[in-house]
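Below is one structure; the comments refer to it alone.
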Amino acid sequence: MSLKNKKRDTKVTHAGHVKDPFGSVSPPIYQTSTFAFESADQGDARFSGKEDGYIYTRIGNPTTDALQNAVASLEGGIGALATASGMAASSTLFMALLGSGKQIIGTDAMYGPTRGVVENEFSRFGVKYDFVDSTDIENIRKAIRPETGLIFIETPANPTINITDIQACADLAHEHNIPLAVDNTFMSPMLQNPLALGADIVMHSMTKFINGHTDVVGGILVFKESALLQKTKKVLLSMGGTMDPHQAWLVLRGLRTISLRVEKAQQNAVKISEYLENHQKIEWVRYPGLTSHPQHNLAKQQMSGSGSMMSFEVKGGLGAGKKLMDNVTVATLAVSLGGYETLIQHPASMTHAGMSQDARLDSGITNGLVRLSVGCEDVEDLIDDLENALKSV
Ligand code: LCS
């Protein structure tokens, strides 16, 4: 079946199907590190690229290809590269597009380690960086230099839920011939498609909504055109951060229910954001679906839903936030996000602890900020849980 003109949920259900001699409906797991050649000539032809076919799993594997094809189809890309983790995806992209003297411009409040790998590791090889408040496009414009090799935005950003205008960034980047990459992890391919808004590359931590079951770590890069894909693929295959076929199979299995999971979690999140916003012990709530979100209108333009990620601050700051986190029983106190279950965590001491306090505060990550990844439980139980935990504050 061709999925070309099919709707999103049909693609979610069937994309990446593998034709199998036994008619297996579920894609087989090709759990092999290497592939036999029928002759020395065939081995020669595979290596020289005269013949298509598999060689060695770091270079390519049918199960990993199935997942890559599925996610590329959902993001509207021409192809994708699955990686061992989300960090392997971003690092591989940085390695492919940056180099000594090149500069990257990024969203200031992005996932801590994505910023950290640039500041602490790529800088050792002469890479320059500017992390700016990308909610104001002028900050990106001011940071552009002849050496800019990549603009990398995260929207909504982890954990501030700040939203950056993807189309405006793409227009600006292309005026200067710079590729634009978007970390779309918080939205998933269900709620935002950056390539359609002009981005060149979409990145996901597939550990989150794409897998959705809190049991696999993985990442992916999806490309709009072949030259950037080939350039990045060359780096990925030699650096070796590729995804294992068993990991790919699990993620593909998780992906099949993404539509249902994202929808249910979002319905819960809308209600929880309203509940928290009206609670007398809550200072503020940041959720794209609330009209109080500073980029609520932009969210409506570029996202097809508000998702299930939010941050908020309990009155009384850090101490009060910790009390809340220590007293929830339905929500789990853990980092990560985008799974079927509700997770709560404290970015300043956990996911963003690697950033300096100054950089954190500059980018809006207050010491009292609590992040909530709303899951698929019954919303009444989630609200009761928060209500009980807030009583202890
Ligand atoms: N991008 C975003 C937006 C993320 O939230 C994460 C992980 C990554 C990239 C990196 O992906 P990974 O290598 O972990 O697959 N975010 C995490 C978080 O907020 N808590 O724990 C991990």
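Just a few scattered comments:
- Whole-Hz Karplus values for region 131-142 come out as 9, 10, 6, 7, 5, 10, 4, 4, 5, 6, 3, 5 Hz, taken residue by residue from phi with 6.51 cos²θ - 1.76 cosθ + 1.60 and θ = phi - 60°; glycine and proline positions read x.
- When region 258-391 is described by a simple charge dipole with +1 on each Lys and Arg Cβ and -1 on each Asp and Glu Cβ, the residue from Ser273, Gln345, Ser356 located farthest towards its positive end is Ser356.
- Each residue of region 183-194 is assigned a 3J(HN,Hα), and the resulting list reads 7, 9, 4, 5, 9, 6, x, 6, 10, 7, 10, x Hz, derived from the Karplus form 6.51 cos²θ - 1.76 cosθ + 1.60 (θ = phi - 60°), x at Gly and Pro.
- For Leu195, Leu81, Leu390, order by how many other beta-carbon atoms lie within 10 Å, fewest first: Leu390, Leu195, Leu81
- A full extension of the chain between Ser392 and Ile55 corresponds to an added length of 115.4 nm, given 0.36 nm per residue minus the alpha carbon distance.
- Translational diffusion of the chain, µm² s⁻¹ [Kirkwood Rh, Cα pairs; Stokes-Einstein; 10 °C; 1.306 mPa s]: 73 µm²/s
- Amide hydrogen neighbours beyond the local backbone of Ser85, cut-off 5 Å, H modeled: Gly219
- Nearest-20 debye value, the chain charge dipole, Cβ charges on Lys, Arg, Asp, Glu: 440 debye
- Footprinting exposure proxy for Val132, Val18 (fewest neighbouring C-beta atoms within 10 Å first): Val18, Val132
- Cα centroid of region 39-103 to Cα centroid of region 335-389, whole Å: 34 Å
- Spin-label model distance (nm) - Gln280 vs Glu341, 7 Å beyond Cα toward Cβ: 3.4 nm
- Ranked Ile383, Ile140, criterion: other C-beta atoms within 10 Å, fewest first: Ile383, Ile140
- Shape analysis of region 243-331 places it in the oblate category; the axes a ≥ b ≥ c from the Cα gyration tensor give an a/c of at least 1.5, with a/b not above b/c.
- Cα-projected label distance for Lys300 with Phe47, points at 7 Å along beta-carbon direction, nm: 6.0 nm
- With 5 Å bins from 0: P(r) over region 258-391, alpha-carbon pairs, percent: 2, 11, 20, 24, 21, 15, 6, 1
- Rg over Rh [alpha-carbon atoms, Kirkwood Rh] for region 90-152: 0.93
- Spatial separation of Cα centroids for region 140-188 and region 231-304, in angstrom: 18 Å
Taken together, the values in this text are just the output of simple stated rules run on the coordinates, not laboratory data. Please read these numbers as outputs of a predicted model, since none were measured by experiment. Positions of Cβ are generated from backbone atoms using ideal geometry, with glycine treated the same way; all protein chains shown enter the neighbour counts.
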